[in-house]
1. Please list 3J(HN,Hα) in residue order for the stretch 74-88, calculated via the Karplus relation 6.51 cos²θ - 1.76 cosθ + 1.60 where θ = phi - 60°; whole Hz, with x for glycine and proline.
2. Residues in the stretch 49-71 near a label at Asp166, defined as backbone nitrogen under 12 Å from the 7 Å Cα→Cβ point?
3. What is the distance in Å between the Cα centroid of the stretch 1-77 and that of the stretch 154-183?
4. Work through the residues other than Arg31 whose Cβ is under 14 Å from its Cβ and net out their charges, Lys, Arg +1 and Asp, Glu -1.
5. Give the residue from Ile196, Tyr213, Gly181 lying farthest towards the positive end of the charge dipole for the stretch 181-224; charges sit on Cβ (+1 for Lys and Arg, -1 for Asp and Glu) and the dipole is referred to the Cα centre.
6. Summing +1 for each Lys or Arg and -1 for each Asp or Glu, what net charge is found among the other residues whose Cβ lies under 12 Å from the Cβ of Ala217?
7. Compute the FRET efficiency between Glu39 and Thr310 as 1/(1 + (r/R0)^6), taking r as their Cβ-Cβ distance and R0 = 41 Å, and round to the nearest 0.05.
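Here, each number is a calculation from the coordinates, and none is a lab measurement. The structure displayed is predicted, hence computed values, not measured ones. Quick reminder, even Gly has a Cβ in these numbers, built from the backbone with ideal geometry, and neighbours come from all protein chains shown.
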Amino acid sequence: MPEGHTVHRLAAAFERGFGGQRVRTSSPQGRFRDAAALEGMVLLGAEAVGKHLFLQFAPSADVEADSPVVRHVHIHLGLYGSWTFAGEAGFSQAHAIGAPRRRVGEQEEDLEGYGAGGEGGTPDWRRLVPRPTVRLRIAGPRGLADLTGPATCEVLDAAGRQAVLDRLGPDPLRPDPEGTGRRRFVERVRRSRTPIGVQLMNQQVIAGIGNIYRAEALFRARLDPVVPGTDLGTPLLEDLWEDLVALLAYGARTGRIVTTEPEHRDLEARIIERSRGTRQNGDEDAGVVPREKSFYVYHRQSLPCRLCGTTVCSTELAARTVFWCPRCQRVRSRRSTWTREHPAAAWALTP
Ligand SMILES: [Zn+2]
């Protein structure tokens, strides 16, 4: 499932590729009946909140974004959804979806017919017959986008969009000049005894975090995934939030998740990780940091920790596998009360 940074990149891609332009919409699969009602409208803009994408449609380009006539197409890719782009030269470049891989979502394989050359575009994109599984096709003057397999694809009015937003926690990638998002996150986590490793996957606590960022941010904080939220101090959680802001911003900028500090990347970089199929939801060509050096613990179970050499563990937590180093991630709490209540673990707080 794409994590929040990918959805923010998609929103930017739609703004650059279709923003302010009149588009054609269809549902080759037939399951998105509202596609006909959007036909010929202008795609005003795109918005990402956590893992949710909203595409705004209006009868004309001069409509204000908050006008009641605006229709919001709400898309959640879920586990299997993806977008595929094709278009004239520069179209895919313009929104920085790396070529030759055009498909943004859980899978990253090339698709026959969509062309392999990013810079040259897809010369015959206008004649590209959609696959029968395409839920929604959006075609503009310069290119098209095909949506397949989403968990959600629906048309909402302003109230419907707001109802979705009201169910979501703060998104680290949204501007937060007043620190409101960070405060909401900290208060929400500390209210519950639910383990931090479960809370990070709860989109009502924090929006946009998926399995990779969960495992990696917990490692960077040296936090055991099973520590209850109520045991965590405010400064620690503020640090965790700020770290996630930085990690997601890097992901949104580059299309890749990289969490390792440069000085740790060459330790235990194992070719074996390629063969075991480690993958992330990147949409860029393998670039600056190779995948086998990008993570501390994600999909590194049974390999030695990059920092201490202890074997990385994995287990189920919140219905997804969590990965952690049992030696590095011994920080239970930075509140002294915790160690008084649990003296047996006091040793874990000393480095
Ligand atoms: Zn370790």
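1. 9, 10, 10, 6, x, 7, 10, x, 7, 10, 10, 10, 8, x, 5
2. From the stretch 49-71, the list is empty.
3. Between the Cα centre of the stretch 1-77 and that of the stretch 154-183, the gap is 17 Å.
4. Details: positive: Arg33, Arg131, Arg135, Arg137; negative: Asp34, Asp146, Glu154.
Charge balance near Arg31 sits at +1.
5. Checking the options against the dipole of the stretch 181-224, the answer is Gly181.
6. Values: positive: Arg214, Arg220, Arg222; negative: Glu3, Glu216, Asp239, Glu242, Asp243.
Net charge in that neighbourhood comes out at -2.
7. Values: r = 58 Å, r/R0 = 1.41.
For Glu39 and Thr310, the calculated efficiency is 0.10.
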